[in-house]
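The values are calculated or read from the model by the stated rules, or taken from the named source; none is laboratory data. Note that the structure is predicted; figures quoted are calculated from it, not measured. Virtual Cβ from ideal backbone geometry, glycine too; neighbours counted across all protein chains shown.
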């Protein structure tokens, strides 16, 4: 009997050791966002009880089966939840600062995350601005407070008020007789009180400072040893300044090594400001963005830059308003750079007034200017640092009557929000205006309808006749095409490497898969949302 107990005890110890080793060595990947869709990038990595996130992005309206407003509502709903307990996450690694990769970080912290947030050194200054914007304009329910005496008319003719929610010093100064309080989303509060809520900057700063304490930046190719046997590093992705791909290297007890790479968003060599990425190191498995799918760009696309400069000069010489709806981060700066190039080459008059009224875009542009002067983060091509200046002078304040001619650069890029939304009625019906589309346009957004050359657009309950001339440029894209992806994969063993495709709509994912199989990669599949892949 005693021998039997000893045998049982030994068996139990062996089982426990084997279980512990298995638990220690297990590695799994679950794509929760950016799977069979473009936005909401977020991937959960688990190794035993250890849990980290790659990106934590917001969702944008996607698909064509519902109205734009319905898809927007669904995107907001998806952006307000997590399929796990945020307090269980040990660390977050951010590939770059775009909000579809970072926009849910404030919510993650609000719901209990207290670990480290890692980003590349080049991403950090941009991340501060983008997280600040995500905090200010977050869609989650808040207890809003404002003074009825502070309601003012806005640029678009609608009333607005500064609304507080984080117990800031200015909120304390509101007299009780003027105090209005509302608990709910910003959109619900705006409908109830009939005015736009301008989220308080001081409140947002309070929340931002809490998050900044969790952020740690590291240089490219510097290994972070978060756990025993696991090293994580960033390497350049060429998408926007600071953008990185992420490599996770595992060294197991049997000395067997494995490397798992997450591309983030990959760039190209179209930009005059920033170079595209170098090929990724050899890996066991890779998760690759598929924004462009199997599409190969026209080799002459780069010539669009010259066309862009000359078309703007022509519009200005005609006395027209040039309107360029653009994203605040990177796209606005690329547009300003090319306008400056046109001025330096004598193509465009230096006397034309340029307006860029977005405070966020202005702060980001100043970051680019600072980098060009001191070369601290190595964002740009070497020749950019030798330039005297890279952007033309512009004005932040937008006049009530936009002068003819002038150049106007506004956020958002699809004309569905911000200054762009407020200008639809003013510029689209103006036959002495020309609109330059420089980014992706949702088919149902104002920009998407203009891109389709419609004679009238329908949006936000309005029907607006189109008399302005419309131009469309693809050369400003910051994403890799199929050739770029193939080059990025040149170090991989085609017969053995496993490739998972993410960050693309279904058609692009399918075409990317077909392209990679055609050029010889044997193990390519489209990552399923929520499916736990074990390695």
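Every listed requirement among (1) without any contact (Cβ under 8 Å) to a residue 24 or more places away in the chain; (2) surrounded by 14 or more Cβ atoms within 10 Å (Cβ to Cβ) is met by residue 366 save one, (2). Among the residues of region 374-399, those that are closer than 16 Å to residue 339 by Cα and loosely packed, with under 15 Cβ neighbours inside 10 Å comprise 387, 388, 389, 393, 395.
Could you go through region 123-139 and let me know if any residue there is without any contact (Cβ under 8 Å) to a residue 24 or more places away in the chain and either within 20 Å of residue 358 (Cβ to Cβ) or surrounded by fewer than 21 Cβ atoms within 10 Å (Cβ to Cβ) (or both). No; the residues of region 123-139 include none that is without any contact (Cβ under 8 Å) to a residue 24 or more places away in the chain and either within 20 Å of residue 358 (Cβ to Cβ) or surrounded by fewer than 21 Cβ atoms within 10 Å (Cβ to Cβ) (or both). Within region 83-99, being surrounded by 20 or more Cβ atoms within 10 Å (Cβ to Cβ) and more than 21 Å from residue 233 (Cα to Cα) holds for one residue alone: 99. Would you call residue 110 more than 30 Å from residue 259 (Cβ to Cβ), modelled with pLDDT of 95 or more and either outside the structural domain of residue 445 (by TED's automatic domain parsing) or surrounded by 14 or more Cβ atoms within 10 Å (Cβ to Cβ) (or both)? Considered against the rule, which asks whether it is more than 30 Å from residue 259 (Cβ to Cβ), modelled with pLDDT of 95 or more and either outside the structural domain of residue 445 (by TED's automatic domain parsing) or surrounded by 14 or more Cβ atoms within 10 Å (Cβ to Cβ) (or both), residue 110 comes out as yes.
Screening region 328-344 for residues that are assigned to a helix (DSSP H, G or I) and under 21 Å from the mean Cα position of the chain (by Cα) and picking the one that is surrounded by the most Cβ atoms within 10 Å (Cβ to Cβ) gives 332.
Against the list (1) in contact with a helix residue (DSSP H, G or I) (Cβ under 6 Å, 6 or more places away or on another chain); (2) surrounded by fewer than 23 Cβ atoms within 10 Å (Cβ to Cβ), the condition residue 169 fails is (1). I'd like to check something: does region 482-498 contain any residue that is free of Cβ contacts under 8 Å to residues at least 24 places away in the same chain, part of a helix (DSSP H, G or I) and assigned by TED's automatic domain parsing to the domain that holds residue 260? Taking every residue of region 482-498 in turn, none turns out to be free of Cβ contacts under 8 Å to residues at least 24 places away in the same chain, part of a helix (DSSP H, G or I) and assigned by TED's automatic domain parsing to the domain that holds residue 260. Checking every residue in region 212-227 against the condition of being outside any loop (DSSP other than H, G, I, E, B), crowded, with 20+ Cβ neighbours inside 10 Å, touching a residue at least 12 places away in the same chain (Cβ under 8 Å) and not assigned by TED's automatic domain parsing to the domain that holds residue 333 gives zero matches. From the list 358, 349, exactly one residue is more than 22 Å from residue 270 (Cβ to Cβ), touching a helix residue (DSSP H, G or I) at 6+ places or on another chain (Cβ under 7 Å) and surrounded by 22 or more Cβ atoms within 10 Å (Cβ to Cβ). Which is it? Selected residue: 358, the only one of 358, 349 that is more than 22 Å from residue 270 (Cβ to Cβ), touching a helix residue (DSSP H, G or I) at 6+ places or on another chain (Cβ under 7 Å) and surrounded by 22 or more Cβ atoms within 10 Å (Cβ to Cβ). For the residues 513, 494, the requirement of being at pLDDT 95 or above and closer than 16 Å to residue 36 by Cα singles out 513.
Comparison of 306, 288 shows that the only residue that is in a strand (DSSP E or B) and either touching a strand residue (DSSP E or B) at 6+ places or on another chain (Cβ under 7 Å) or at pLDDT 95 or above (or both) is 288.
Applying the criterion of at least 1 residues that are touching a residue at least 60 places away in the same chain (Cβ under 8 Å), assigned by TED's automatic domain parsing to the domain that holds residue 406 and within 20 Å of the chain's Cα centre (by Cα) to the helices (runs of 4 or more DSSP H) found wholly in region 417-462 leaves 418-422, 446-451.
Within region 377-401, being part of a loop (DSSP other than H, G, I, E, B) and in contact with a helix residue (DSSP H, G or I) (Cβ under 8 Å, 6 or more places away or on another chain) holds for 377, 379, 380, 387, 389, 390, 391, 392, 394, 396, 398.
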